[in-house]
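The values are calculated or read from the model by the stated rules, or taken from the named source; none is laboratory data. This is a predicted model, so every value here is computed, not measured. Cβ coordinates were reconstructed from backbone atoms using ideal geometry, including for glycine residues, and neighbour counts include every protein chain displayed.
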Amino acid sequence: MTGMQIRKPCWLGSGGGAEAVGAKFITGEVTAIHRDGNRVSGVEIDRKDRVNAAVIVNAAGPYAARVAELAGVTIPVQPVRQHLFRAFLRTAASKRHPMIVDPSGVHWRHDDPQRIDEQDQIIVARTKLDEPPGENFACDMSRWEQDFFPPLRRRLPSLSDYTHVEGWSGLYEMTPDHNPVLGSAPDRPGFLLANGFSGHGLMMAPATGKALSELIRLNHYETFDLTPLHVTRFNKNRPFRDDATL
């Protein structure tokens with residue numbers, strides 16, 4: 001589960017593996033995407049350095065639409081603020097909780113202490129369906145009492161005795177059907193999309209990487225047919241919906 005991964009070791013492991021087979025990492029902001037006719041031909045970094053490339057994969061997370069615009073491509077991906085809260089429990093819970101989802105939409109899990117003397121703690125999340133899109137990182141602490149804590153207390157009263165709460169917010173990259181857009185961008189050869197994972201990106205990353213590598217090498221999917229997730233599904237009124245994915 002995305003929320004239960006240790007992100008830094010995951011990144012170091014995957015990044016180190018990529019470097020071991022020849023990948024190079026360049027830090028900077030993509031400020032332009034160059035084209036030769038309709039086909040992409042490279043990127044400009046920090047308005048000065050050019051990197052030539054026959055294939056460019058847009059994996060820019062909540063900034064995906066901005067990057068796509070540099071290539072003259074429009075995608076229905078928007079950044080939307082999401083909140084997480086960590087509640088420190090006065091008394092340690094008798095059992096460790098995996099990811100548990102309440103029908104109200106609140107979900108929680110134990111967050112294992114980093115030190116033996118730390119309090120027991122849980123991470124609580126809930127998606128606000130009417131959250132306006134935008135690059136908003138402000139954490140609204142009032143949402144704990146309004147939206148998060150009441151359904152948690154109803155479902156599991158034993159977890160309601162806490163001493164204090166920490167909160168933070170970040171951005172999801174949302175699509176209209178809450179599923180990713182994958183594959184080649186329309187009318188832009190060489191420009192591939194891996195965007196709009198709507199909070200599921202780390203879980204889907206290995207399969208996404210494999211599928212896009214097949215598109216790059218073979219010009220078609222081999223292991224999984226991800227055609228239903230192509231961005232043109234929205235123009236065709238064929239959204240890809242599922243009942244629930246966390």
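The criterion of at least 1 residues that are on the phi > 0 side of the Ramachandran plot is met by the following strands (runs of 3 or more DSSP E) wholly inside segment 95-190: 181-184.
Of the residues making up segment 88-101, just one is closer than 28 Å to P133 by Cβ and surrounded by 15 or more Cβ atoms within 10 Å (Cβ to Cβ), namely M99.
So if I check each of H220, H230, which one is modelled with pLDDT of 95 or more, of a type outside the set (S, T, N, Q) and under 11 Å from P180 (Cβ atoms)?
Values: H220 fails: under 11 Å from P180 (Cβ atoms).
Criteria check complete, one pass: H230.
Kindly indicate which of L215, L192, L182 is out of contact with any helix residue (DSSP H, G or I) (no Cβ under 7 Å at 6 or more places or on another chain), hydrophobic (A, V, I, L, M, F, W, C) and either buried (at least 19 other Cβ atoms within 10 Å of the Cβ) or free of Cβ contacts under 8 Å to residues at least 40 places away in the same chain (or both). Don't jump to the end; show me each part of the working.
Details: L192 fails: out of contact with any helix residue (DSSP H, G or I) (no Cβ under 7 Å at 6 or more places or on another chain); L182 fails: out of contact with any helix residue (DSSP H, G or I) (no Cβ under 7 Å at 6 or more places or on another chain).
Only one candidate passes the filter, namely L215.
Name the residue that is farthest from A211 (Cα to Cα), counting only residues in segment 227-243 that are under 18 Å from the mean Cα position of the chain (by Cα) and surrounded by 12 or more Cβ atoms within 10 Å (Cβ to Cβ). Checked segment 227-243; the qualifying residue farthest from A211 (Cα to Cα) is F240. Going through segment 48-94 one residue at a time, which ones are of a type in the set (G, A, S), in a loop (DSSP other than H, G, I, E, B) and under 30 Å from D111 (Cα atoms)? Within segment 48-94, A59, A60, A92, A93, S94 qualify. Just one of the listed residues (P150, P157) is surrounded by 12 or more Cβ atoms within 10 Å (Cβ to Cβ), out of contact with any His (no Cβ under 6 Å at 6 or more places or on another chain) and over 23 Å from G199 (Cα atoms), and it is P150.
With respect to F240, determine if the residue is of a type in the set (F, W, Y) and out of contact with any Leu (no Cβ under 8 Å at 6 or more places or on another chain).
Working: of a type in the set (F, W, Y): yes; out of contact with any Leu (no Cβ under 8 Å at 6 or more places or on another chain): no.
Against the criterion (of a type in the set (F, W, Y) and out of contact with any Leu (no Cβ under 8 Å at 6 or more places or on another chain)), F240 does not qualify.
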